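A short write-up of the structure that comes next.
The values are calculated or read from the model by the stated rules, or taken from the named source; none is laboratory data. On a predicted model such as this, the values are computed, not experimentally measured, just so you know. With ideal geometry, Cβ positions are generated from the backbone for all residues, glycine too; neighbour counts draw on all protein chains shown.
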Amino acid sequence: MGFIDKIAWIQVEDGAILSTRSVGRDVYYLPGGKREPGESDLDTLVREIREELSVVIVADSAVHVGTFEAQAHGHPDGTIVRMTCYTADFRGEVRADNEIEQIARLTYADRDRVSAVDQIVFDALLRAGLLRSGTR
């Protein structure tokens, strides 16, 4: 059984969440990525979001939203991803960079277009009244 430690950014606007699709992938993921040795959650969040979306996370504005676990998409059965999620303010204009091919604003109606762990996050955000249930 494998384990993936991921940090993700929750950026919800008007009931839709910022999501990304990497080159060659068939599903959307919350922006973020794997921790490098010695990095804190916030170090990882700042680095990954800068690399993927070309914006600067305001680290002292970060708020832990939750930690979620599920089968890792595209990995052998039993490989679990643990995704620790934060909201945070940012500076700059969001744009796809590096491996990110597409950026989208998704609502709960798009739940089937995201990874299993992201689906759990979508469920939590809908229950909290933060994610819109439909397209408009």
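Here are a few things to note about the model shown:
- Residue within segment 24-43 that is among the polar types (S, T, N, Q) and either buried (at least 21 other Cβ atoms within 10 Å of the Cβ) or touching a residue at least 12 places away in the same chain (Cβ under 8 Å) (or both) present: no
- Residues in segment 97-136 that are among the polar types (S, T, N, Q), part of a loop (DSSP other than H, G, I, E, B) and under 15 Å from the mean Cα position of the chain (by Cα): Thr107, Ser115.
Let's see how each residue does on (1) of a type in the set (S, T, N, Q); (2) within 18 Å of Ile7 (Cα to Cα):
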site: Ala62; (1), (2): no, yes
site: Pro76; (1), (2): no, no
site: Val81; (1), (2): no, yes
site: Glu99; (1), (2): no, yes
site: Gln119; (1), (2): yes, yes
site: Phe122; (1), (2): no, yes
site: Arg127; (1), (2): no, no
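- Among residues of segment 111-136 that are of a type in the set (D, E, K, R), those with a beta-carbon under 7 Å from a residue that is part of a loop (DSSP other than H, G, I, E, B) at least six positions away or on a different chain give the pairs Arg113/Val27; Asp118/Leu30; Arg132/Gly15; Arg132/Thr107.
- Cβ-Cβ contacts under 6 Å between residues 6 or more apart (or on different chains), taken from a first residue in segment 76-90 that is hydroxyl-bearing (Ser, Thr, Tyr) to a second residue that is surrounded by 14 or more Cβ atoms within 10 Å (Cβ to Cβ) and modelled with pLDDT under 95, are listed as Thr79/Ala72.
- Lone unmet requirement of (1) modelled with pLDDT under 95; (2) within 17 Å of Ile4 (Cβ to Cβ) for Glu52: (1)
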